[in-house]
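Asker: Take a look at the following structure, please.
The values are calculated or read from the model by the stated rules, or taken from the named source; none is laboratory data. Keep in mind that this is a model prediction, so the values were computed, not measured. When we count neighbours, we look across all protein chains shown, and the Cβ atoms used for this are built from the backbone with ideal geometry, even at glycine.
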Amino acid sequence: MKSVLVTGGAGFIGSNFIRHFLVRNPDVDVINFDKLTYAGNLENLSDVEGNQRYHFIKGDICERGDVELAFRKFKIDTVVHFAAESHVDRSILGSSVFVQTNVVGTNILLDVAKESGIQRFLHISTDEVYGSLGSTGKFTEETPLHPNSPYSASKAGSDLLALAYQHTFGLPVIITRCSNNYGPYQFPEKLIPLMIINALNDKPLPVYGDGLNVRDWLHVVDHCVAIDAVLQAGKPGEVYNIGGNNEWKNIDIVKLILQKVGKPESLIRFVKDRPGHDRRYAIDAAKIKNEIGWTPSYTFERGIEETVQWYLNNRGWWSRVMSGEYQEYYQKQYDEVVRS
Ligand code: NAD
Ligand code: DAU
């Protein structure tokens, strides 16, 4: 491995991954290939800009010419594919861009990788492709795919295409499916940063439905360590679930955040539910633990404490990303609380 193309490297997980990977892999060049959509922000990587092994290309995975140019220019031998439209609520407001980026864009990337003859193609996927759980059980790699939102359906589509390229053409594809991430540089449309920032601003905290939906939370750095480990030791054609065995009801997370920020529970507003809202996710991560030796290192207590501190210390970052387009999205998504 000499030259790694990281798609979506200016987003939340991609930027955390690049920072981690450059330190852990001192002989490898990293090429961040990102379209810089509303979710992409080069400020997330300002601390690595001067690193001679870090390169940025503004490009679109849906434009074959952009992708081919990057492969040629940097002699890419490995791909870590994060680039996607990633927010469920936005996929409910409009699904076309999800199909375009997540399915068509992934197909173009797979095709160019096939033509170039690479060593590894790591496709970053999500536990949401498995659908929703009842009150017991966990997702294993054998759980049938049953995506429920336009977002998760587009991710499942891209997973199947990636596996088909492995089966049909022998492209060395590996897939990881992780649970909900949290940590620094997460765009404020997602639950944890949205609740921290609204609490800091004394604004209502919009909880969907009864607040009893369950997510399995993992610190983004633990996810990045797992991806690096799979890149080194994973087997082509395999899927690896990643999760921290850390289930929380949404309402309990919201109350915990209010406690950390020192704000009252009277800020909580129960609002209309997300259509088709998956009830519970939980990951069985036995395969990656047993076969690759990865385990998470963050406790949730430490992770959430550090995350709240990060948002407290980085008001400039979130004020900038929340200006412009975000305001329009917020008004549309949260009209109930905006009007009240
Ligand atoms: P994000 O929305 O923060 O970042 C996505 C990045 O992709 C942005 O930098 C954006 O500019 C870029 N991008 C979008 N369309 C592009 C295109 N056409 N060409 C090039 N770049 C493009 O997303 P994230 O939360 O960091 O998620 C990254 C990946 O991890 C996604 O594939 C997502 O499905 C998966 N995932 C996310 C989570 C989570 O909790 N956030 C959990 C499991 C898996
Ligand atoms: O499970 C992995 C997935 O986690 C990733 O594939 C997605 O990219 C990522 O966005 C995330 O999806 P979720 O829909 O689970 O995350 P989100 O932060 O949007 O919501 C978490 C839970 O909180 C969910 O049950 C909906 C609820 N919620 C969310 C928001 C934004 C609220 O109650 N109020 C809100 O305002």
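Asker: Do we have G50 as among the small types (G, A, S) and touching a Gly at 6+ places or on another chain (Cβ under 6 Å) here?
Answerer: Numbers: among the small types (G, A, S): yes; touching a Gly at 6+ places or on another chain (Cβ under 6 Å): no.
So G50 does not fit the description; no.
Asker: Next question. Look at T143 and say whether it is under 20 Å from D284 (Cβ atoms) and away from ligand 1 (no atom under 11 Å from the Cβ).
Answerer: Judged against the criteria, T143 is a match.
Asker: Kindly check whether there is at least one residue in region 104-120 that is surrounded by 19 or more Cβ atoms within 10 Å (Cβ to Cβ) and either acidic (D, E) or within 14 Å of ligand 2 (Cβ to nearest atom) (or both).
Answerer: No: region 104-120 contains no residue that is surrounded by 19 or more Cβ atoms within 10 Å (Cβ to Cβ) and either acidic (D, E) or within 14 Å of ligand 2 (Cβ to nearest atom) (or both).
Asker: Continuing with this model, one more query. Do any helices (runs of 4 or more DSSP H) entirely within region 1-113 hold 1 or more residues that are modelled with pLDDT of 95 or more and under 30 Å from D273 (Cβ atoms), and if so, which?
Answerer: Details: elements: 12-24, 64-74, 88-93.
Output list reads 12-24, 88-93.
Asker: Tell me the strands (runs of 3 or more DSSP E) entirely within region 168-247 that contain at least 3 residues that are farther than 24 Å from A84 by Cα.
Answerer: Those strands (runs of 3 or more DSSP E) span 205-208.
Asker: Residue check, S154 against (1) near ligand 2 (Cβ under 10 Å from one of its atoms); (2) polar (S, T, N, Q); (3) farther than 13 Å from Y281 by Cβ, all met but one. Which one?
Answerer: It is condition (1) that S154 fails.
Asker: So if I check each of V254, V337, which one is closer than 21 Å to L212 by Cα, in contact with a Pro (Cβ under 9 Å, 6 or more places away or on another chain) and assigned to a helix (DSSP H, G or I)? Write out each step before concluding.
Answerer: Values: V254 fails: in contact with a Pro (Cβ under 9 Å, 6 or more places away or on another chain).
Going through V254, V337 in turn, the sole match is V337.
Asker: List every residue pair whose Cβ atoms lie under 7 Å apart, where the two residues are 6 or more positions apart in sequence or sit on different chains, the first residue falls within region 115-134 and is on the phi > 0 side of the Ramachandran plot and in a loop (DSSP other than H, G, I, E, B), and the second residue, located anywhere, is more than 9 Å from ligand 1 (Cβ to nearest atom) and at pLDDT 95 or above.
Answerer: G131/H146; G131/P147; G131/N148; G131/D278
Asker: If you scan region 1-41, which residues turn out to be among the polar types (S, T, N, Q), away from ligand 2 (no atom under 16 Å from the Cβ) and buried (at least 24 other Cβ atoms within 10 Å of the Cβ)? Quick ask: steps written out before the conclusion?
Answerer: Taking region 1-41 as the starting set, the residues that turn out to be among the polar types (S, T, N, Q) are 3, 7, 15-16, 25, 32, 37, 41.
Narrowing further to those that are away from ligand 2 (no atom under 16 Å from the Cβ): 3, 25, 32, 41.
Result: N32, single match.
Asker: Collect the residues in region 235-260 that are surrounded by 22 or more Cβ atoms within 10 Å (Cβ to Cβ), modelled with pLDDT of 95 or more and not β-branched (V, I, T), keeping them in residue-number order.
Answerer: Answer for region 235-260, where residues must be surrounded by 22 or more Cβ atoms within 10 Å (Cβ to Cβ), modelled with pLDDT of 95 or more and not β-branched (V, I, T): Y240, N241, G243.
Asker: Given N246, N313, which one is free of Cβ contacts under 8 Å to residues at least 12 places away in the same chain and under 20 Å from P184 (Cβ atoms)? Give the steps one after another, and end with the answer.
Answerer: On the way: N246 fails: free of Cβ contacts under 8 Å to residues at least 12 places away in the same chain.
Only one candidate passes the filter, namely N313.
Asker: Taking region 293-309, which residues are in a helix (DSSP H, G or I) and crowded, with 17+ Cβ neighbours inside 10 Å? Working first, answer last.
Answerer: We begin by selecting, within region 293-309, every residue in a helix (DSSP H, G or I); these are 300-309.
F300, G303, I304, T307, V308, listed by residue number.
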